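Chemist: Supplied in structure tokens, the structure appears directly below.
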Ligand code: GLN
């Protein structure tokens, strides 16, 4: 029996799960199991309350434009709880559509605007001003590679998005693009770090392909709940997988 346990909320896991984003949970569980930690995941979806005190980790996956409109309407009721969770340094992974909806708004491929919850300061346009001027603004699709500026770690993934996201106050990029497009195809930023929120356009899923990031985020979640254990040291002894 494991001595330690994390409870994870899979936010709209039934609607926002592009390219198997659930695999991020499987990856976390894979590393957690090797250090005696169990992870229980709970679906938190339409009409459910989000209790910021009930969770040690939140996954908010990607989705297509239609699903994002459905989720965005419901998400307004969870905004206060999520803000509370994020500002209290709750760890959260937001992928693609989930990343977009934590910001102020996202414009869908057809240009119509969907309100996010603005608990983070980024916004997402469907085209940059230059693209509007040239009437060219293709989807940002393909393999992507970034370098994390603090650790020097290189992360690999696959991106497929129309939205061009621009980071705002207090937000720094998850990494600098070395191959591919990233948040907006313009400023070489990819993803976001804000408190303990990690946002990214990477599918793959990101934790499966980048075990070093999975371990880092897992250590963050465990250290918040069980501060007396050196989780980074425990995880350093576990081999890092990259699939
Ligand atoms: N619908 C959003 C976009 O195209 C997000 C897509 C996704 O989550 N893969 O920008």
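Chemist: Need the failing condition index for residue 78 against (1) within 16 Å of the ligand (Cβ to nearest atom); (2) buried (at least 19 other Cβ atoms within 10 Å of the Cβ); (3) within 23 Å of residue 11 (Cβ to Cβ), just the number.
Modeler: (1)
Chemist: List, please: which pairs have Cβ atoms under 7 Å, are six or more places apart or on different chains, and start with a residue in region 56-70 that is over 14 Å from residue 198 (Cα atoms) and assigned to a loop (DSSP other than H, G, I, E, B) and end with one that is modelled with pLDDT of 95 or more and near the ligand (Cβ under 8 Å from one of its atoms)?
Modeler: That search, which allows pairs on different chains as well, returns 63/16; 63/97.
Chemist: With buried (at least 16 other Cβ atoms within 10 Å of the Cβ) and in contact with a helix residue (DSSP H, G or I) (Cβ under 9 Å, 6 or more places away or on another chain) as the only criterion, which of 165, 128 stands out?
Modeler: That would be 165, the only listed residue that is buried (at least 16 other Cβ atoms within 10 Å of the Cβ) and in contact with a helix residue (DSSP H, G or I) (Cβ under 9 Å, 6 or more places away or on another chain).
Chemist: Just for region 52-75: of the residues that are more than 15 Å from the ligand (Cβ to nearest atom) and within 24 Å of residue 214 (Cα to Cα), which one is surrounded by the most Cβ atoms within 10 Å (Cβ to Cβ)?
Modeler: Ranking the candidates gives 57 first.
Chemist: Of the residues 103, 98, which is in contact with a strand residue (DSSP E or B) (Cβ under 8 Å, 6 or more places away or on another chain), within 17 Å of residue 16 (Cβ to Cβ) and part of a loop (DSSP other than H, G, I, E, B)? It would help to see each step written out before you state the result.
Modeler: Working: 98 fails: part of a loop (DSSP other than H, G, I, E, B).
Answer to the selection: 103.
Chemist: If I filter region 26-37 for residues that are more than 14 Å from the chain's Cα centre (by Cα) and farther than 29 Å from residue 230 by Cβ, do I get at least one hit?
Modeler: The answer is no; no qualifying residue exists.
Chemist: Another question, if that's okay. How do the helices (runs of 4 or more DSSP H) wholly within region 120-234 filter down when requiring 3 or more residues that are in contact (Cβ under 8 Å) with a residue 60 or more places away in the chain, under 19 Å from residue 25 (Cβ atoms) and away from the ligand (no atom under 15 Å from the Cβ): which remain?
Modeler: Numbers: elements: 129-134, 206-209, 211-225.
Because the criterion is at least 3 residues that are in contact (Cβ under 8 Å) with a residue 60 or more places away in the chain, under 19 Å from residue 25 (Cβ atoms) and away from the ligand (no atom under 15 Å from the Cβ), the helices (runs of 4 or more DSSP H) in region 120-234 that meet it are 211-225.
The values are calculated or read from the model by the stated rules, or taken from the named source; none is laboratory data. From a predicted model like this one, the values you see are computed outputs, not experimental measurements. Reconstructed Cβ throughout: ideal geometry from the backbone, glycine too, with neighbour counts over all protein chains shown.
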